[in-house]
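Before any comments, here is the structure.
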Amino acid sequence: MGLDETLTSTLTWPFFDDGHRGFAAALARWADATLPALPHDDVDAACRARVKALGEAGFLKAAVPAEHGGLRPRLDVRTLCLAREILAFRDGLADFAFAMQGLGTGSISLYGSPELKARYLPPVREGRAIAAFALSEPEAGSDVAALATTATPDGPSHVRIDGSKTWISNGGIADHYVVFVRTGEGAGAKGLSAFVVDAETPGLQVAERIEVTSRVALPDSFLGVPRVWPRVAGTFTLRGECIDLEETISEARHILALEPKIVHRMSE
């Protein structure tokens, strides 16, 4: 299949450089050759297979900064948009797997300590670890300021996290969760922080697997986090950009190429 005419034309726009064009062409060739042979029947196994394949091929480098083996000095929204458009046109779950690796580490890349970055970014980049982003709650989704999950100090080096999260993509198969909580430094969104919680942390449990009715079933979960004690070294304060980044990518992807792609596919 390669790059279709619409995307080839898009790549001539002045804010794409030769690096973007080379990345897009390489990813399209790889996707055409690799994705059809990957498993599809079991969604968990299919997701793991796509993360592993994307990592081994080097395309997850787009989801981390160059300091930790990524493609560019900073996360580049244009590259992420191209990757998601190319993958989604061919395989919806491959797009999901790629997006979640970035979403589940984006806040670490932006605000994590050097120790956190060194620990979590390389395995995600290589496809050896699966990332998850735990923001939504039963009573708080779009209204992030309404988050009710809390984190309170518990001794000199740990905190106690109490609450629950829902609609957590990769829930149950992730190796780590970036969990957004209320730490109380200020009212509303000003009192939020995030913790990196390893999947094997005592007290963390997947309370329910949620079946999603769509063309592609995504592995979402209801995540219960009562009495979880991650180390304090795993926290960082939010400034908003880590939440806004994925919204920007999704919106830009739609503006760039999604609508022409739909027209193209309907005409085939």
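The values are calculated or read from the model by the stated rules, or taken from the named source; none is laboratory data. Since this is a predicted model, take the numbers as computed values, not measurements. Backbone-built Cβ (ideal geometry, glycine too); neighbour counts: all protein chains shown.
Points worth noting:
- Pairs are defined by a Cβ separation below 7 Å, a sequence spacing of at least 6 or placement on different chains, a first member in region 151-162 that is assigned by TED's automatic domain parsing to the domain that holds V196, and a second member that is among the hydroxyl-bearing types (S, T, Y); the pairs so defined are A151/T183; A151/S193; V159/T152; R160/T152; I161/T149; D162/T149; D162/T150.
- Filter pass, L54 being in the same structural domain as P114 (by TED's automatic domain parsing), hydrophobic (A, V, I, L, M, F, W, C), touching a residue at least 60 places away in the same chain (Cβ under 8 Å) and part of a helix (DSSP H, G or I): yes
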